[in-house]
Each structure stands twice: as C-alpha cells, then as structure tokens.
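Participant: First the structure, which I've put down as structure tokens, then a few questions once you've had a look.
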Amino acid sequence: MPLDYLIVGAGLFGSVFAQQMHEAGRSVLVIDRRPHLGGNCYSEDHPGTNITVHRYGTHIFHTNNDHVWRYINRFTEFNRYQHRVLTTHRDRVYSLPINLATINQFYGVNLKPSEVEAFLAPRREGITQPRNLEEKAISLVGRDLYEAFIKGYTIKQWDRDPRELPAAIVARLPWRTSYDDAYFDDRYQGIPVGGYTPIFERMLEGIDVELGVDFFDNRAAWEARARRIVYTGPIDRFHGYRFGRLAWRSVRFEVEQLDCDDFQGTSVMNYADVETPWTRIHEPKHLHREKTHRPAGTTVIMREYSQVDPEAPYYPVNTEADRRMLARYEELNAATQGVIFGGRLAEYKYYDMHQVIAGALARARRELT
Ligand code: UDP
C-alpha cells in the first residue's frame with residue numbers, strides 16, 4: 001500500500017508537517033540527503049568541550065505567534081537567552097541593531113531620542129521611496145551609518161552591489177532611537193535547552209526516517225512510494241533547472257577550539273568592514289548560560305565566511321531576475337499534481353524558523369480539513 005506522504009527533507013517544514021500528519025494517523029516516511037535531522041537547524045555537542053554548537057550558524061528562536069510558541073514548546077524547553085549582537089568597525093565595537101548607543105558612539109555626540117530625527121534627516125538624502133537595499137538603509141539611518149555598518153557587511157554576505165538587492169533584506173533589522181539593543185522585538189525568544197536536534201528527534205518519534213538518501217538519485221521509485229510528496233528542497237532542482245538556477249548564498253564555518261574561557265564576550269560578533277574576510281564570529285558557549293557545567297579554560301568559535309555553494313543553499317538572493325524566474329517555477333508548481341512545496345528552499349523565501357513552523361502547521365491543517 002502506498003504511503004500517504006513521502007516527505008523530502010527533515011528540516012523544520014518537513015518535520016513539523018510529518019509530526020502533524022503522523023499525529024492525525026496518516027502514514028509518513030521522511031527522507032533527507034544529509035546524515036542528520038534538522039536541516040540547517042542541526043546542533044551537536046562539540047566533542048571534548050560539551051559546548052552545544054549550531055553547525056550551520058547560530059539559530060535564535062523568536063516569535064510573536066502564540067500558536068507557534070505553544071507548538072514548539074511541546075518538544076523542548078527554552079532558556080531565557082535574549083539575542084544581542086555587536087559589530088566591529090575599524091577596530092571598535094558598536095551595538096547593533098543601530099540604536100542610540102551606536103549613533104552617539106559613532107558620531108561622538110550625546111543625542112537624546114527626540115533629537116535623532118532632526119540629526120539624521122539631512123543624512124537621508126531625501127529618499128522617501130527606496131527602490132533597493134542601499135536606498136532603504138539610507139532612508140532609515142542615513143549614508144554614514146549605512147556605509148559603516150551595512151554596506152561592507154552586505155557586500156561580503158551577498159557579493160552583490162547593495163543597489164541590486166531588495167530592500168526587504170535590511171527591513172528585517174529594526175533600528176531604534178532608544179538604547180534598546182535587543183536584536184529581536186518578539187514576545188517569545190530563547191535557545192532550546194539541549195540544542196535543536198532533540199526537537200527533531202521528538203517530533204519524528206514513531207515516524208520512519210531514512211537519512212543519507214537523495215530523492216533525486218531515484219526519483220521515480222520514491223514518487224511511486226506515496227500518494228503525496230512534500231518537497232522541501234530547492235525549487236529549481238525539483239523542476240530540473242528548466243528555467244535556470246535561482247541565486248543562493250551559502251556560508252562556511254571555520255571551527256576552532258581555543259584555550260581560553262571567553263574569546264569575545266558575546267555569542268555573535270559581526271564584522272562590518274569589507275577588508276575583514278569573515279562576516280561574523282560565533283561563540284556558542286554564550287547561548288547557554290543555563291548550563292551549570294560550562295567548561296572552564298576552553299571555548300569554541302566559528303568564523304563565518306559567505307560563499308557560493310550550490311550543494312548547500314542558505315539565503316535566497318532574490319534579485320529582480322530571480323523573482324522573474326521564481327514566478328515561472330511557481331506556475332509549474334501549481335500545475336504539478338500531488339506535491340506540496342514548503343520551507344525556505346522550496347519557496348525561495350528568506351524565512352525565519354517561526355515562519356516555517358507557522359507555514360507547515362497551516363499547510364497540515366489544510367490537508368486535514
Ligand atoms: N546586516 C548588515 N550589517 C550587520 C548585520 C546585518 O548590513 O551587521 C544586513 C545584511 O544585509 C544582512 C541583513 O542585514 O544580510 C540581515 O541580517 P540578519 O542578521 O537578519 O541575517 P541572518 O542572521 O539571517 O544571517
């Protein structure tokens with residue numbers, strides 16, 4: 001008998017969808033080409049130090065969605081971590097997202113919140129209808145702060161002129177006229193105690209999972225296994241790159257164990273200058289203050305470098321050309337029977353974790369009603 005669902009990809013979309021269907025009594029098989037669960041959320045304990053490391057970069061869970069928060073808390077407890085990010089520019093450390101401390105330190109002034117608007121207005125170059133990332137950033141914080149904290153970082157991360165990138169990328173980040181330096185505004189935030197991987201293990205309890213198998217190595221056979229496919233991989237790959245390849249950015253990490261208690265005093269330090277080859281350094285020890293057995297005299301750091309790696313897509317670049325190509329792939333999706341497309345790779349959307357969970361729960365609800 002064919003399965004109800006074959007789920008291609010054991011990341012967040014696939015695992016949440018699988019969990020919902022299994023709970024509703026449907027038969028489900030999950031496959032993933034990687035040898036582990038969790039997609040890019042995967043975490044592991046660094047051998048020797050017991051520090052929980054997010055192998056694909058620091059993941060902070062945050063959401064305003066009560067339903068998503070209640071759902072994810074079925075599978076883990078969260079610690080009370082609140083994300084704060086610092087950035088290094090010309091050898092000095094500033095607070096992010098851009099806030100009153102950043103502005104006052106950068107300009108050597110002592111503005112009050114009510115004075116910020118008038119101070120930045122002439123630096124915004126009269127942009128009211130920003131057409132791209134650069135104009136959006138200048139329209140918010142002015143050219144000087146843009147050039148110091150956004151331009152170099154963005155060029156390194158995306159390897160594109162910021163004028164070719166969509167405004168939405170920087171609209172992700174708040175900026176503030178107060179000293180509030182919280183990276184996220186959301187009501188709920190934290191890091192899963194024990195890391196992300198146990199969430200996936202619990203979600204997929206009782207569900208058949210095959211790891212290290214690539215759907216495309218034997219596509220016809222996999223398709224014959226189930227009435228419906230849930231595909232969470234790159235959308236262009238599913239359609240045989242018929243209209244070309246969508247642009248993705250990837251990252252790689254250089255992991256190092258150091259003989260010191262604390263390398264940088266914070267979990268994520270960004271590097272704003274284009275001359276510094278890495279975009280940021282992660283020090284995962286700082287994500288888990290609740291761990292009582294924090295190893296002394298040793299820490300792990302991960303230097304993050306942006307790159308292109310078609311085998312490991314992370315961020316949709318989403319230029320005009322990409323959006324046109326995506327629209328054509330979406331037309332093909334609509335004409336494809338029996339396949340559900342979901343998640344960052346299949347939808348080509350720069351989603352955060354909570355958005356993927358919300359999407360998978362909504363899609364599962366639609367299937368079940
Ligand atoms: N960004 C920046 N400077 C920074 C941090 C972020 O210019 O120090 C811009 C950059 O274009 C980046 C975007 O804001 O791609 C989104 O950053 P975020 O921290 O949300 O990226 P993620 O954590 O998803 O990699």
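The values are calculated or read from the model by the stated rules, or taken from the named source; none is laboratory data. Please read all numbers here as calculations on a predicted model, not as lab measurements. Virtual Cβ from ideal backbone geometry, glycine too; neighbours counted across all protein chains shown. With ligands, DNA and RNA removed, areas are computed over all heavy atoms of the protein, side chains included. Shrake-Rupley method; radii C 1.70, N 1.55, O 1.52, S 1.80 Å.
Participant: Based on alpha-carbon centroids, what's the gap between segment 265-309 and segment 77-132 in Å, whole number please?
Facilitator: Using only Cα atoms, the two centres lie 22 Å from each other.
Participant: Checking the cross-link filter: which lysines have an alpha carbon closer than 22 Å to that of Lys156, excluding same-chain neighbours under 8 positions apart?
Facilitator: Cα-Cα hits under 22 Å: Lys136, Lys349.
Participant: Which percent, nearest 5, of DSSP beta bridges in segment 213-369 are antiparallel? Let's see the in-between values first.
Facilitator: On the way: 17 of 20 bridges.
Approximately 85 percent, going by the DSSP bridge assignments.
Participant: Modelled label-to-label distance, Tyr241 and Ala334, 7 Å Cα→beta-carbon offset: nm?
Facilitator: 2.7 nm
Participant: Hey, another quick one. Please label the shape of segment 278-369 as rounded, prolate or oblate, based on the square roots a ≥ b ≥ c of the eigenvalues of the alpha-carbon gyration tensor (a/c under 1.5 means rounded; beyond that, a/b larger than b/c means prolate, else oblate). Show your work: numbers first, answer last.
Facilitator: Numbers: a/c = 3.93, a/b = 1.71, b/c = 2.30.
Note, shape of segment 278-369 comes out oblate.
Participant: Give a residue-ordered list of calculated ³J(HN,Hα) values for segment 2-18 (Karplus: 6.51 cos²θ - 1.76 cosθ + 1.60, θ = phi - 60°; whole Hz; x for Gly, Pro).
Facilitator: Rounded to whole hertz, the list is x, 5, 5, 9, 9, 10, 9, x, 9, x, 5, 4, x, 6, 5, 4, 4.
Participant: Also: Check the straight Cα-Cα distances from Lys291 and name the aspartates and glutamates below 16 Å, setting aside those fewer than 8 residues away within the same chain.
Facilitator: Glu44, Asp45, Glu77, Asp261, Asp262, Glu283
Participant: Ok, one more. From the Cα gyration tensor of segment 1-78, with a ≥ b ≥ c the square roots of its eigenvalues, which class applies: rounded if a/c is under 1.5, or else prolate if a/b is larger than b/c, or else oblate?
Facilitator: Numbers: a/c = 2.55, a/b = 1.38, b/c = 1.85.
Oblate, since a/c reaches 1.5 and b/c is not below a/b.
Participant: Where both partners of a DSSP beta bridge lie in the chain, what percent of those bridges are antiparallel, to the nearest 5?
Facilitator: On the way: 29 of 48 bridges.
So the antiparallel bridges in the chain amount to around 60 percent.
Participant: Another question, then. Once phi is turned into θ = phi - 60°, what whole-Hz ³J(HN,Hα) does the Karplus curve with 6.51, -1.76 and 1.60 give for every residue of segment 267-274, x standing for Gly and Pro?
Facilitator: Coupling constants for segment 267-274: 6, 9, 10, 7, 10, 7, 7, 5 Hz.
Participant: Suppose every K and R has +1 on its Cβ and every D and E has -1 on its Cβ; what is the size of the dipole of segment 117-236 about the Cα centre, in Debye to the nearest 20?
Facilitator: On the way: 17 positive and 21 negative charges, 71 e Å.
For this selection, approximately 340 debye.
Participant: Here is a follow-up. Keeping all protein chains in place, calculate the accessible area per residue for the chain (probe 1.4 angstrom), answer in Å². Intermediate results must be reported in sequence, preceding the final value.
Facilitator: Values: 17060 Å² over 369 residues.
Per residue, the chain has 46 Å² of solvent-accessible surface.
Participant: With all protein chains present, how much of the accessible area of the chain (probe radius 1.4 Å) comes from carbon and sulfur, to the nearest whole percent?
Facilitator: 48 percent
Participant: Please give me the summed charge of the neighbours of Asn104: other residues whose Cβ is under 11 Å from its Cβ, Lys and Arg +1, Asp and Glu -1. If you can, show how the numbers build up before the last one.
Facilitator: Values: positive: Lys112; negative: Glu115.
Residues close to Asn104 contribute a combined charge of 0.
Participant: Using amide H atoms built in the peptide plane, which far-off residues or other-chain residues are under 5 Å from Ile7 H to H?
Facilitator: Leu29, Val30, Ile31, Val230
Participant: Determine, from the Cβ-Cβ distance of Arg324 and Asp161 and an R0 of 22 Å, the FRET efficiency 1/(1 + (r/R0)^6), rounded to the nearest 0.05.
Facilitator: On the way: r = 19 Å, r/R0 = 0.85.
E between Arg324 and Asp161, to the nearest 0.05, is 0.70.
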